[in-house]
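Below: the structure, in C-alpha cells.
The values are calculated or read from the model by the stated rules, or taken from the named source; none is laboratory data. Values in this document were obtained by computation on a predicted structure and should not be read as measured data. Reconstructed Cβ throughout: ideal geometry from the backbone, glycine too, with neighbour counts over all protein chains shown. Ligands, DNA and RNA are stripped out before the accessible areas are found, and what is left, the full protein with its side chains, is counted by its heavy atoms. Shrake-Rupley method; radii C 1.70, N 1.55, O 1.52, S 1.80 Å.
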Amino acid sequence: MDISSVLQGGYHHPLSREWQSRRELTKNMFMYPIFITDEPQAEVEIASLPGQKRWGIEKLDRLLAPLVQKGLRSVILFGVPVNCQKDPHGGPADDPSGPVIQAIHLIRKQYPSLYIACDVCLCEYTSHGHCGYLVHNPDGSTTIDNAASVKRIAQVALAYAKAGAHCVAPSDMMDGRVKAIKRALIEAGLGNRCTLMSYSAKFASAMYGPFRDAAGSTPSFGDRKCYQLPPGAHGLAQRAIIRDIAEGADIIMVKPALPYLDVLSQARDRLAPSHPLAAYQVSGEYAMIVAGARAGVYDLRTMAFESVNCIVRAGATLILSYFTPEFLDWLDS
Ligand code: PBG
Ligand code: ZN
C-alpha cells in the first residue's frame, strides 16, 4: 500500500480518535432550554417532548439544583403564560410579575454562576400566536407590521436585560430587530453587560411542533413563512447572517441544527469566523432522536453523541439542546 493511503494509524486508539475532532465536546457548550409557566407550582410533562416539563417558579429549584451540581453553565428561558390575558401586542411578554422576569430574579439570586439567556419573541404572548404585530390591509390580507414589531421586541428585550438576563436572544425574525435591540441596550447603559444572540438563520421548519405544544405558541391562523426562512434558501441565510453581524449581534445562531449544518459550516468558515456560533437542536430533532431510539433504530446515547459531535464538527461553539441534562451525566462517565 502507498504511504498516502494509510489513515487508520491516526485513529486506532480512543484518545487519538478524540484528537481528530475539531473541538472537544465539553459541558460548557450546552445551553438548556427551559419552559417557565405562570402557575407557580407547575411541573407538567409535555407529551410531544418526552422528558421535558413546564416548570412553575416555585419548582425551579427542583430542576436546577441537581443540574448546576452536575456542571450546568447556562439556560435559555421561554415563558409559557397560561393564566394571563394574551393581546394582539403581546402585552404579557415584559410583565414584571410574569414567569420570565420572575425566573431571572430567582436564578440570579439562587444560582449566581448560571448564565441566563432569554428567548425574545411575541408568539407566546400574542392572542393570534404570531411573532410580531399584524396589520390588516385594505385588500383583505393580513401581514406583519415589521416596524411596530421591532419596536415592541426591543422593549421586551430591554426589560429582560434590565431584570438581569446575561443574554437576550430574539427569535422573531423581524427585519432590523438586532439593530433596534442593540441600540436600546446601549442607550440604557447595558451595551457592555448583555450579550445579543441572534437567531439569524432560523428556518420555517416542521420541527418546531413539540415546542409550540410546550409553549402554547402555535399561530391561530396561517404560518410563519413570511418571516422565517424557506428551508431551501441558501443565499438568504447567508444574507441574514451578514446582516445580523452588521447590526451588532454578538452570537450568531443557526436553527434547526442537523439538516442545516451546511449553513453553520459556511458561517464558521466564511461569514462569521470571528463570532461564537450557536446551533439550536430543536424540539423536533430531540423528539425524533428519542422516538428513533424507542423504536429500536439506534441506541439513544450513541445517536445523541453523534448528533452533537456533528454539530460541533460543522463549527458550533454552543448548542442549545434538550439533551443537556443527559450530557451533563454522559460527559462525566
Ligand atoms: C418562538 C420560538 C420557536 C422556537 C424557539 N423560539 C418556535 C417557532 O418559531 O415557532 C423553536 C424551538 C424548538 O422547536 O425547540 N419564536
Ligand atoms: Zn415567535
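Are there any strands (runs of 3 or more DSSP E) wholly within segment 1-78 with 3 or more residues that are farther than 21 Å from Pro96 by Cβ, and if so which?
Output list reads 30-37, 43-45.
What is the residue count in segment 215-243 for residues that are surrounded by 15 or more Cβ atoms within 10 Å (Cβ to Cβ), over 17 Å from Val254 (Cβ atoms) and among the hydrophobic types (A, V, I, L, M, F, W, C)?
1
Mind listing just one residue for me: the one in segment 129-168 that is open to solvent by 50 Å² or more (accessible area, probe 1.4 Å) and among the small types (Gly, Ala, Ser) and, of those, farthest from Pro96 (Cα to Cα)?
Gly140
Take the residues of segment 201-220 that are within 13 Å of ligand 2 (Cβ to nearest atom) and charged (D, E, K, R): which is nearest to Ser265 (Cα to Cα)?
Checking each candidate, the answer is Lys202.
Looking only at residues that are touching a helix residue (DSSP H, G or I) at 6+ places or on another chain (Cβ under 9 Å) and open to solvent by 60 Å² or more (accessible area, probe 1.4 Å) in segment 22-36, which one is nearest to Pro325 (Cα to Cα)?
Glu24
Just to verify a result, which residue in segment 141-168, among those that are of a type outside the set (S, T, N, Q) and in contact with an Asp or Glu (Cβ under 7 Å, 6 or more places away or on another chain), is farthest from ligand 1 (Cβ to nearest atom)?
Ala159
Out of all the residues in segment 99-124, which are over 13 Å from Ile76 (Cα atoms), more than 16 Å from ligand 1 (Cβ to nearest atom) and assigned to a loop (DSSP other than H, G, I, E, B)?
Selection gives Tyr111, Pro112, Ser113.
Report the residue count in segment 244-259 for those that are within 14 Å of ligand 1 (Cβ to nearest atom) and open to solvent by 40 Å² or more (accessible area, probe 1.4 Å).
Restricting attention to segment 244-259, the residues satisfying the condition of being within 14 Å of ligand 1 (Cβ to nearest atom) are 253-259.
Going one step further and asking which of them are open to solvent by 40 Å² or more (accessible area, probe 1.4 Å), we end up with 258-259.
Selection size over segment 244-259: 2.
Looking at (1) at pLDDT 95 or above; (2) open to solvent by less than 10 Å² (accessible area, probe 1.4 Å); (3) part of a helix (DSSP H, G or I), which is the only condition Ala180 fails?
(2)
Given the residues Ser171, Ser198, Ser220, which is the only one that is in contact with a strand residue (DSSP E or B) (Cβ under 7 Å, 6 or more places away or on another chain), in contact (Cβ under 8 Å) with a residue 12 or more places away in the chain and more than 10 Å from ligand 1 (Cβ to nearest atom)?
Exactly one residue qualifies, and that residue is Ser198.
Return yes or no: is Ile144 touching a Lys or Arg at 6+ places or on another chain (Cβ under 6 Å) and either farther than 25 Å from Lys255 by Cβ or within 13 Å of ligand 2 (Cβ to nearest atom) (or both)?
It is false that Ile144 is touching a Lys or Arg at 6+ places or on another chain (Cβ under 6 Å) and either farther than 25 Å from Lys255 by Cβ or within 13 Å of ligand 2 (Cβ to nearest atom) (or both).
One residue is enough: does segment 149-161 have a residue meeting the conditions within 16 Å of ligand 2 (Cβ to nearest atom), within 19 Å of the chain's Cα centre (by Cα), in contact (Cβ under 8 Å) with a residue 60 or more places away in the chain and at positive phi?
No, every residue in segment 149-161 fails to be within 16 Å of ligand 2 (Cβ to nearest atom), within 19 Å of the chain's Cα centre (by Cα), in contact (Cβ under 8 Å) with a residue 60 or more places away in the chain and at positive phi.
When you check Tyr227 against the structure, is it aromatic (Phe, Trp, Tyr), in contact (Cβ under 8 Å) with a residue 60 or more places away in the chain and outside any loop (DSSP other than H, G, I, E, B), yes or no?
Taking the combined requirement at face value, the residue does not satisfy it.
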